[in-house]
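The values are calculated or read from the model by the stated rules, or taken from the named source; none is laboratory data. Quantities reported herein were computed from a predicted structural model and do not represent experimental measurements. Here Cβ is always computed from backbone atoms with ideal geometry, including for glycine, and neighbour counts include all displayed protein chains. Keep in mind that these areas ignore ligands, DNA and RNA; they rest on the heavy atoms of the full protein, side chains included. Shrake-Rupley method; radii C 1.70, N 1.55, O 1.52, S 1.80 Å.
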Amino acid sequence: MNKVVNDFSITVGTKNGSGSSTANNTILRSIFKMGIPVSGKNLFPSNIQGLPTWYTIRVNKDGFVARREVQEIVIAMNPDSFARDLASVAPGGAFFYADDIKQPMTRTDVAAYAMPVKELVRKDPNVPSDFRDLVGNMVYVGVLAQMIGIDLEKIQSALHFHFKGKQKPIDMNMNAVRAGAEWAQANLEKKDPFYLEPMNKTEGMIMTDGNTAAALGSIYGGVQFAAWYPITPATSLAEGLNDYLPQLRKREDGKHTYAVVQAEDELAAIGMTIGAGWSGLRSMTSTSGPGLSLMTEFAGLAYYTEVPIVVWDVQRVGPSTGLPTRTSQGDLSFTAYLGHGDTEQIILLPGDVYECFEFGWKAFDIAERMQSPVFVLSDLDMGMNQWMSKPFKYPDTPMDRGKILWEEDLEKIKNNWGRYLDTDGDGIPYRTVPGNKHPLSAYLLRGTGHDEHARYSEDAALWAKNMDRLKTKYDTAENFVPKPIIMKTPGAKIGIIGYGSTESAIEEARYQLEKEHGVKVDFMRVRAVPFTAEVDEFIRTHDQLFVVDMNRGGQMHKLLAVSHPESATKLIKVAFNDGLSATASWVRESVLMKTNGRPSSAKKAAAKKTIAKKAAPKKAVSKKAVKESAAKKATPKKKGAK
Amino acid sequence: MTEALPMAGIAPAQVNLAGLAKNDYRGAPSTLCQGCGHNSISNQIVSALYEMDTRPEDVVKFSGIGCSSKSPTYFLNRSFGFNGLHGRMPSVATGALFANAKLKGIGISGDGDTASIGMGQFKHVVRRNLNMVYIVENNGVYGLTKGQFSATSEKGLALKKQGTNPYMPVDICMEAIASNATFVARSFAGDPKQVKELLKAALAHRGIAVLDIISPCVTFNNQSNAFHSYTWGKDHEEPLHDITYIAPRSEIMLEEEMKEGEVREVALHDGSTIILKNLDKDYNPTNRWDALRILEEAQKNDWLVTGLIYIEPDKPALTDIYNLVDTPLNRLTEADLRPDPASLDKINGLMF
């Protein structure tokens, strides 16, 4: 049997609320500490206790960390999902299960290992009976560690980190890990090919989730006010502010330079955020789709009245309550025009946790510079799952507070100042904020029609002129939002356009396309709306462009087609969302099926491959749906862009 | 009050201790209907702030949508203001007043803006004790959309296009007390002196001060038998007390000597005092139970009780709870707001 080293996926099936996250995080952190590129994804139900939940760890020596459809190692701890878990192991894979689950072993093509979890935990007199289930999870950590080669010392340091150095829980959990490892060593014979070997590919890297990164980025951006309402998957972003603000903005006098308010609903959360932004505070809120729906009216007000705020949308699957615990890029179209009437919003699209931090602080600069709401679209996969990253980089530009006037500033230009007067020709006026003592500084902000001096007006020409200025201002934003990231392959004539958390899947797909199929593809990751000149250039210079969207409608595809009508026929929609994050094989196959001018043998091979691939029954449904939508797209029928 | 010295050739302008003339407190000309109660309230806001020597720059105006919410245009031109969304004034005010905890909010709302679409935000801003005078210009009708019932319309009210109102009204003062308001008063726009004294007391109160002012709609709801009409208000007003606001450090001079047992003094946080000459001699405005009782009795008897219904002067206002720095938050700079680079190294060390 050929050894498979540092290139496989491990899925653990447990019950929600059984405390398995400590165990799973411990595995993840230990592998990370061994220097092997790794990612962890939690597939959890919208439930507190009892329903099945899965945690998937992908280990990949080449650094690809996107989701895969295949899992080589499966650990089954939950009787309710046992049959499904067993069916999900790839042929030739390994299946570990708690031996108190008395269910038929129906597969002969996997290496099955029964683990005496309960028995081992009961043997330890130091584990109180109500802790047995929790600690029991550590037994599978130990068994797995022994069987695939996770360094126990790394597990010890992961537990030390997790329990913040508290010796008692560290010992209790470590004892269970050792018991599992020792038992496996004495009783199990290795029948599968999967091994871990230390590398040095995570040195200097950090591991964190996007919501924590966003909270930290916001703090380094000088956040002063945040209002929020609990909603999955955005809650941990606001909680991150609560966790880190007291340490990072500590002052000698013990007083606070910020306030975080839990509002009564999302309407109030964004209302407070707008009040604070209007008054000159760096102000933010965080939410997900349903919350964003509620915030729509206020979003339009902030656009029209030119109030700087930052809104994080950690996307989950909609419409409606949808799938609250699954990931999506379904809010892009909605956010782009959030508000009734002629509203256009500025959107930032971080692609990883590193950018969640970076855009965390940049969003405030852009909002204050543009005097506009700035929406930052993350998603559940990025926001709540653990990702490796370069360390966060300290802001490399000073804070940009934009065109704000205090007393002495206003005194200088008071004869040529109006709140909405565009004296610079960039569409951005100068603003004053409450507390300014200059007698001419005050104005009444109104959501109703207003003239350049903020006075009520129903004048037709004034209305149109002001809306034109807002358009000019929106165009000016192109100079301030992040430019796309472009990855070139020499000789490539086609390109993939993506955004957000699909980057890891797309990068892996490009690698496979070139290596396995000889198809050279460039890649542009769009990082903001409105689109900058670089986006236009990339579209102009490629023959065919695959726009990857984690939603049904191809929302980025539509936005690009509308803003680039002359190139619309070059843009090919690659769009799908079932709540699971994008995979390289989906991107790869979608590209192969639709690429023009490719040798037909490659096309046939690709088609064969997609049919043959039915390794994971759980994912087979979604996979089939991809194929169907892909097949439909093969006929050049224009549906998306009109 | 100090007199301004007359200057040769110019008519002496009367100024207050802030050095400002009454005109400095005025706004744009009103576009509301002639005789609208709201205009009278705007005038009393101008007078109260002028007489209290408050600088307009220290006040921020807020409103939602409706006739009432238009009125911040008609007073305090020199104050910042935010005329936002229907029923959402409280949240905007909550965020805005964090920028500078010394600013006083004046929120103007109506019965639709507060008791219908804005009920949730109203109750929560009260619960949070935001440092703001929350005025409900209550006319029991939707004016701007031309005469529909509101949530404070009395049961049985007949309106031209609406038929007869089948529902019991919401009592804004009762709702405020139920949500732990720290200052609740009711007045009648046709009684400008009381409106002004209550406004002064409300402005001196640190925390939320809910002022439910019955303000008749002269166009859509002023039949003499309607609860929110001038005639009905004048006939049914039952003042709890005569109220006099005494500014801090001012000499207390009462117009007439009050009898023992009838006079109640309430000290406010800034050293000012409200003197209440009780008409209902058992009434104690610091007792929530009494406050709810008097409102219940009024409802039963068809009385319009006016005056200071409830006050709790010592509860911390919202921003006080947050232990903010003395410098207004919106004057802080990068040095105060961006943690140093060394801290990020530590943070990176924790990310695992």
Task: Segments classed as strands (runs of 3 or more DSSP E), wholly inside region B:133-245, with at least 3 members that are within 24 Å of residue B:93 (Cα to Cα) and of a type in the set (A, V, I, L, M, F, W, C) - done: B:183-188, B:208-214
TODO: Go through (1) in contact (Cβ under 8 Å) with a residue 12 or more places away in the chain; (2) under 18 Å from residue B:332 (Cβ atoms); (3) over 24 Å from the mean Cα position of the chain (by Cα) one by one and return the number of the condition residue A:223 breaks.
DONE: (3)
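If I filter region B:58-80 down to residues being open to solvent by 10 Å² or more (accessible area, probe 1.4 Å) and within 9 Å of chain A (Cβ to nearest Cβ), which single residue comes out as farthest from residue B:37 (Cα to Cα)?
Filtering region B:58-80 for residues that are open to solvent by 10 Å² or more (accessible area, probe 1.4 Å) and within 9 Å of chain A (Cβ to nearest Cβ), the one farthest from residue B:37 (Cα to Cα) comes out as B:58.
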- [ ] Could you check, for region A:138-152, whether at least one of its residues is under 18 Å from residue A:31 (Cβ atoms), under 31 Å from the mean Cα position of the chain (by Cα) and among the aromatic types (Phe, Trp, Tyr)?
- [x] yes
TODO: Could you please find all residues in region A:195-227 being among the hydrophobic types (A, V, I, L, M, F, W, C), open to solvent by 20 Å² or more (accessible area, probe 1.4 Å) and within 14 Å of chain B (Cβ to nearest Cβ)?
DONE: A:205
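Can you name every one of the helices (runs of 4 or more DSSP H) wholly within region A:261-348 that holds 2 or more residues which are within 14 Å of chain B (Cβ to nearest Cβ) and surrounded by 24 or more Cβ atoms within 10 Å (Cβ to Cβ)?
Numbers: elements: A:266-278, A:289-305, A:332-336.
In region A:261-348, A:266-278, A:289-305 are the helices (runs of 4 or more DSSP H) which contain 2 or more residues that are within 14 Å of chain B (Cβ to nearest Cβ) and surrounded by 24 or more Cβ atoms within 10 Å (Cβ to Cβ).
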TODO: Confirm whether residue B:269 is surrounded by fewer than 19 Cβ atoms within 10 Å (Cβ to Cβ) and modelled with pLDDT under 90.
DONE: yes
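Would you mind stating whether residue A:369 is open to solvent by 10 Å² or more (accessible area, probe 1.4 Å), more than 21 Å from the chain's Cα centre (by Cα) and outside the structural domain of residue A:39 (by TED's automatic domain parsing)? Break it down into steps so the answer makes sense when it comes.
Working: open to solvent by 10 Å² or more (accessible area, probe 1.4 Å): yes; more than 21 Å from the chain's Cα centre (by Cα): yes; outside the structural domain of residue A:39 (by TED's automatic domain parsing): yes.
Here the answer is yes, as residue A:369 does meet what is asked.
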Open item on the list: Looking at (1) under 19 Å from residue A:453 (Cβ atoms); (2) away from chain A (no Cβ under 14 Å), which one does residue B:35 not meet, given that it meets all the others?
Closed with: (1)
Task: Pick from region A:244-260, criterion open to solvent by 10 Å² or more (accessible area, probe 1.4 Å) and either closer than 26 Å to residue A:327 by Cβ or of a type in the set (S, T, N, Q) (or both), ranking: farthest from the chain's Cα centre (by Cα) - done: A:247
Open item on the list: I'm trying to understand the selection: among the residues of region A:563-585, which are over 17 Å from residue A:331 (Cα atoms) and open to solvent by 20 Å² or more (accessible area, probe 1.4 Å)?
Closed with: A:563, A:565, A:566, A:569, A:570, A:572
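Of all the strands (runs of 3 or more DSSP E) wholly in region A:19-129, which have at least 2 residues that are open to solvent by 20 Å² or more (accessible area, probe 1.4 Å)?
A:38-43, A:52-60, A:89-98, A:111-115
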Open item on the list: If I go through region A:423-455 residue by residue, how many of them are assigned to a strand (DSSP E or B) and facing chain B (nearest Cβ under 9 Å)?
Closed with: 3
Open item on the list: Go through region A:433-470 and report how many residues are under 37 Å from the mean Cα position of the chain (by Cα) and either surrounded by fewer than 21 Cβ atoms within 10 Å (Cβ to Cβ) or more than 19 Å from residue B:31 (Cα to Cα) (or both).
Closed with: 9
Open item on the list: Can you say whether residue A:392 is hydrophobic (A, V, I, L, M, F, W, C), within 29 Å of the chain's Cα centre (by Cα) and either over 30 Å from residue A:212 (Cβ atoms) or in a loop (DSSP other than H, G, I, E, B) (or both), as far as the supplied structure shows?
Closed with: yes
- [ ] Would you mention how many residues in region B:94-122 are at the interface with chain A (Cβ under 7 Å from one of its Cβ atoms), touching a helix residue (DSSP H, G or I) at 6+ places or on another chain (Cβ under 6 Å) and within 22 Å of residue B:173 (Cβ to Cβ)?
- [x] 2
Open item on the list: Residue pairs, Cβ under 6 Å, 6 or more apart or interchain, first in region A:379-404 and farther than 30 Å from residue A:61 by Cα and among the basic types (Lys, Arg), second open to solvent by 20 Å² or more (accessible area, probe 1.4 Å) and modelled with pLDDT of 95 or more. List them.
Closed with: A:403/A:430
Task: Checklist (1) closer than 25 Å to residue A:328 by Cα; (2) at pLDDT 95 or above applied to residue A:110, failing item - done: (1)
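Would you check if residue A:100 is more than 31 Å from the chain's Cα centre (by Cα) and under 17 Å from residue A:12 (Cα atoms)? Give the derivation first.
Values: more than 31 Å from the chain's Cα centre (by Cα): yes; under 17 Å from residue A:12 (Cα atoms): yes.
Judged against the criteria, residue A:100 is a match.
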- [ ] Can you tell me which residue among A:379, A:422, A:400 is outside the structural domain of residue A:465 (by TED's automatic domain parsing) and over 21 Å from the mean Cα position of the chain (by Cα)?
- [x] A:400
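If a residue must be more than 7 Å from chain A (Cβ to nearest Cβ) and either open to solvent by less than 10 Å² (accessible area, probe 1.4 Å) or among the basic types (Lys, Arg) (or both), how many such residues does region B:81-93 contain?
Taking region B:81-93 as the starting set, the residues that turn out to be more than 7 Å from chain A (Cβ to nearest Cβ) are B:86-87, B:89-90.
When the remaining residues are screened for being either open to solvent by less than 10 Å² (accessible area, probe 1.4 Å) or among the basic types (Lys, Arg) (or both), the result is B:87, B:89-90.
So the count comes out to 3.
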TODO: Scan (1) among the small types (Gly, Ala, Ser); (2) within 22 Å of residue B:178 (Cα to Cα); (3) facing chain A (nearest Cβ under 9 Å) for the single condition residue B:343 breaks and write down its number.
DONE: (2)
Open item on the list: Criterion first (under 19 Å from residue A:387 (Cα atoms) and in contact (Cβ under 8 Å) with a residue 24 or more places away in the chain) does residue A:61 satisfy it?
Closed with: yes
